[in-house]
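Here the structure is laid out as structure tokens; the discussion comes afterwards.
FYI, it's all coordinate maths here, none of it is from the lab. Model, not experiment: these values are computed from the prediction. Note that we place each Cβ from the backbone using ideal geometry, even for glycine, and neighbour counts take in every protein chain shown.
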Amino acid sequence: MTTSNILEKIKQYNTIIIHRHVRPDPDAYGSQNGLAEILKASFPDKTIYVVGEEEASLDFLATMDDIDDHTYKNALVIVCDTANQERISDQRYLQGKELIKIDHHPVVDAYGDIQWVEENASSVSEMIYQFYLEQKNNGLQMTDRAALLLYSGIVADTGRFLYPSTSERTFQYASDLVAYDFDRSAIYEEMYKTNLNIARLKGYILQILRFPPLLV
Ligand SMILES: [Mn+2]
């Protein structure tokens with residue numbers, strides 16, 4: 001499996017519907033919508049949809065499309081960041097003509113006509129940028145909005161570049177992405193908002209913490 005196989009498949013379809021996992025996080029939204037933005041910019045004649053349940057805290061990244069069942073007829077379905085089929089948000093993913101899986105989790109469910117899985121990738125957002133880099137000479141176009149989405153996914157899935165999955169390649173891609181025009185501070189502000197109840201719980205735990213721990 002190479003990124004060329006995926007691009008070839010995309011070129012064969014007029015309608016492409018992109019899914020991701022339930023209870024979405026910024027990598028799910030970032031990879032799904034980053035890919036959608038790249039495909040919209042690269043192929044203005046194709047119709048690209050993003051679907052799945054909405055998550056209000058991620059509205060700053062994207063909003064989903066509301067599509068009819070018949071839209072799936074003759075459509076290519078791409079699923080991002082989802083290891084197993086039960087976790088795919090919107091089970092209509094089965095109604096497309098062909099299915100592509102793009103993921104970075106260990107393979108527990110080998111679904112899809114084409115599967116591109118990179119367990120060493122920090123995030124699927126990183127993989128989507130790799131897809132762009134490898135295929136930019138074959139027609140793929142990057143946009144500021146796609147850069148914002150992919151960067152957000154990378155930042156979230158690497159725990160702000162702390163987790164061991166953060167590689168040299170992750171930093172190279174992040175470096176490329178910040179050269180596009182988007183407001184990093186605004187993203188961080190949205191991504192790291194704390195729910196008041198969670199903040200209170202953390203405060204409570206810190207107040208009762210003792211060293212060494214109190215055994216009662
Ligand atoms: Mn992920």
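Brief remarks follow.
- The chain: angle of helix 196-208 to the longest principal axis, Cα-based, in degrees nearest 10: 40
- Annotation for residue 137 and residue 109: the two label points, set 7 Å from Cα along the Cα-Cβ direction, are 3.8 nm apart.
- For residue 115, the residues whose modelled amide H falls within less than 5 Å of its own, excluding neighbours fewer than 5 places apart on the same chain, are 101.
- Note on residue 91 and residue 204: with the Förster distance fixed at 45 Å, the Cβ-Cβ geometry gives a FRET efficiency of about 0.70.
- Region 117-169 - convex hull of alpha carbons, volume per residue in Å³: 75
- Residue 195 versus residue 175: modelled label distance in nm, points set 7 Å from Cα along the beta carbon direction: 3.8
- The amide H of residue 81, built 1.01 Å from its N in the peptide plane, has 102, 103, 104 as neighbours under 5 Å, considering only residues 5 or more places off or on other chains.
- Electrostatic dipole magnitude of the chain [Cβ: Lys, Arg +1; Asp, Glu -1; Cα centre; debye, to 20]: 400
- The mean sequence distance of close C-alpha pairs (under 8 Å, at least 6 residues apart), as a share of the length of the chain, puts its relative contact order at 22 percent.
- Above-threshold pairs, the threshold being 18 Å between Cα atoms, out of 40/97; 11/136; 40/73; 9/73: 40/97; 40/73
- Over the chain, DSSP H runs of length four or greater, each weighted -39,500 (n - 2.57), average out per residue to a 222 nm ellipticity of -12000 deg cm²/dmol.
- Sorted fewest first by neighbouring Cβ atoms within 10 angstrom, 78, 6, 114, 100 come out as 114, 6, 100, 78.
- Using alpha carbons only: equivalent-ellipsoid semi-axes of the chain, gyration tensor based, whole Å: 33, 20, 17
- Cβ-to-Cβ counts within 10 Å put 191, 1 in ascending order as 1, 191, the fewest first.
- Cα shape, region 67-136, gyration tensor, a/c 1.5 rule: oblate
- Antiparallel DSSP beta bridges within the chain, percent to nearest 5: 5
- Residue exposure sequence - 70, 105 - by fewest surrounding Cβ within 10 Å: 70, 105
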